[in-house]
Amino acid sequence: MSINPIKRLLIANRGEIAVRIIRAAQQLGIETVAVYSETDANAQHVKLADIAVCIGPAPAQQSYLSIESILNAMSTSGANAVHPGYGFLSENADFASAVTDAGYIFVGPSAEVIRKMGDKRAARHIAADAGVPVVPGYDGDDTDDAILLEHANRIGTPLMIKATAGGGGRGLRRIDEMSEFHEALMSARREAGAAFGNSAVMLERMIESARHVEVQILADNHGNVLHLFERDCSAQRRHQKVIEEAPCSTIREETRQGLLDAAVSLAKSVGYTGAGTVEFLVDEAGAFYFLEMNTRLQVEHPVTEMITGFDLVAAQIEVAEGRELELGQEDITIQGHAIEARLYAEDPSDGFLPQTGTLGIFGLGETATDEAKVCAKVCANVRRECGVVEGDIVSPFYDPMLAKLIAFGDTRESAIDRLSALIRESRIAGVTTNKAYLNQILCSEEFRSGKTRTHSLDSAEPAPKMPALKQAMLAAALLEADALKTCPLPSLAAWRTNADAHDRFILEAQGQRYTVDVLPERTANGWDIIVALDKETKQTVCIEGNTYRLVGKKQRFAHYRHNTHQYFDIGDHHIAVQDVTHAPATSSNKDGNGLLKAPMDGQVVAVAVENGAVVKAGDLVCIIEAMKMEHHIRADISGTISGIEIKVGDQVKSRAPIGIITSDTSTSGKESS
């Protein structure tokens, strides 16, 4: 096979994966082309590429999912190859075919292979024919509602409704009671259609207490197929991976070898080329079942790179040029352990709702703090892959992942410790993130002992948000301690007007305003700061350096600020308060029961009620799609609905009114469906 060099590579993607591919290509001396939607005009991948082309408005269907727009960008930019990244069009066979038909190089497998393996239903048939065990289920062509329900009853619960296209947990729903089937089916189809342009689904039995283990495959056009060992991706929430690691340290060697052999055999049977991943479920007995094959690069590919020393993106590019892999299977070995955490703009204490806003502070542990020795050791063994920097806007149109944080260690324990330290050292302000939640997982006994299964995080609640009152009182004490570092008593007391030399802070936490008095007292090692909201509400905060103690053991805290906002990272909590001590007082408004508002910016995809309908608490009111996921808005009280003005297709802003529920059992009206 002749070599066809890639001279100018277009990346048909955005965010951190676009940045990753751009940097890899530039290291190979290849010019890069970024494509971007109108809302991404100032994005990092646009700034890093040699050429950038706008491909349409913010909605993905009109930009990143538009084959025509990307082909036009290929022509306009003079690119001779395209890398699809992951998500969007990466597993779209029509896109791969259109690219090669137009005379360009597609960095990935052939359109024929993508079509075979990208459709989970067809992939099950191929895997079964290759002798790879598959999960019991229904993958027939007839997907009429009644037929699916019939097979669902045959398979039994727990059951998975699963989109046949795409990945990333989109279009995936678990059924525990058959009464849930119809609503879950409709939701899975809508989400799959929005994410992949294909709403087809299949059914599979839920394998309880399973590990999710996947094998990295790399193949060239000369018949060579290699595996780069396995990854454990069992730490998932809502079927989306949260933490991934390599290798999997909790399976027996015979199970590992069976997985590796099955993945290579499957790849050979379909004539696979490029990088791909074969995913399996492994039960408690060590039996494994084929789950799906991802015909693209995976989000978690860095952990494989860190334990093998292999650059998967560079290898993808070289294979696409027609080059033969230089290494044999015996040349690929494992060293150490690597672990990756996905940092999202989301609020774990509020149902993991995606967040939008401006990143006022965004530092991922790059600068050593007072714990210089710890941070220096951490930074030498980590990777930070992100598509945003400080000052960037997190929009509601795309996936809310901000970065991937990856750590390497000689052992699994050292890799976990290193990643935990990196997360603690990260400073983020402007949007709420899952930073503390990630560390909560890493520090849990279940995760550290290797007992995590695919369902574990669904039953493990995130640490509850610290009450606003406690946030304000603790923040006041920490702010006072911060002031005392630069202006200690008695000089600080000289400018205080009160006889007892106390300070007063007015702080806003979670939309509530509190006036807090603080009175510091010097101790041998630091300060005891008496914090009082009133005569009855008092507590003493003991502060020594960067630790504090209310009761029990000491806790570390980190303090940073942006404009008038003060931020404190304390254990599993991230406190954000606004210091309005010198601002004019305002009344604090709080929504009453029954006032429904949009949880975030998004598009209305379903409205389940009409004005005048009588609803019960928990009834579905509407569904808003944002960041490629559906968010169900339900009645918070029972009563009569009014004020419903939204309709399917409307764009709504965060906190925009949706409707009002009046609690009046005597009101007549029609029941909602």
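All of the numbers you see were taken from the coordinates with simple rules; none came from a lab. Model, not experiment: these values are computed from the prediction. Virtual Cβ from ideal backbone geometry, glycine too; neighbours counted across all protein chains shown.
Descriptive notes on the structure:
- Total formal charge among the other residues, if their Cβ is under 15 angstrom from that of G156, Lys/Arg +1 and Asp/Glu -1: -3
- Computed from label points 7 Å out along Cα-Cβ, the spacing between D141 and N4 is 3.3 nm.
- Of K47/K241; K485/K553; K116/K268; K465/K653; K628/K653, pairs whose Cα-Cα distance is over 19 Å: K47/K241; K485/K553; K465/K653
- Those aspartates and glutamates that a straight Cα-Cα span of less than 15 Å connects to K535, excepting residues fewer than 8 apart in one chain: D500, D517
- Only helices enter this figure: runs of n ≥ 4 DSSP H residues, each worth -39500 (n - 2.57), summed and divided by the residues of the chain, yield -7500 deg cm²/dmol at 222 nm to the nearest 500.
- Per-pair calculated FRET efficiency, R0 = 30 Å: R238 and S654 via Cβ, rounded to 0.05: 0.90
- Taking amide H atoms as placed 1.01 Å from N in the peptide plane, the amide H of N434 lies under 5 Å from those of Y344, E346, each 5 or more residues away in sequence or on another chain.
- Unit charges on C-beta of K, R, D, E only; dipole of region 70-156, Debye: 340 debye
- A straight line joining the Cα centroids of region 194-214 and region 250-284 runs 17 Å.
- Across region 223-233, computed HN-Hα scalar couplings (Karplus, 6.51 cos²θ - 1.76 cosθ + 1.60, θ = phi - 60°) run x, 8, 10, 10, 10, 10, 6, 10, 10, 9, 10 Hz from first to last residue, x flagging Gly and Pro.
- Proximal lysines relative to K538, as straight alpha-carbon distance under 17 Å, when same-chain residues fewer than 8 apart are discounted: K470
- Each of L457, G430, G409 was placed along the dipole of region 336-457 (beta-carbon charges, centred on the mean Cα), and the one lying farthest toward the positive end is G409.
- Placed amide H near M206: partners under 5 Å, 5+ positions off or other chain: L159, M160
- The aspartates and glutamates within cross-link reach of K554, meaning a Cα-to-Cα straight distance under 19 Å and a gap of 8 or more places when in the same chain, are D370, E371, E425, E480, D482, E521, D528, E544, D569, D572.
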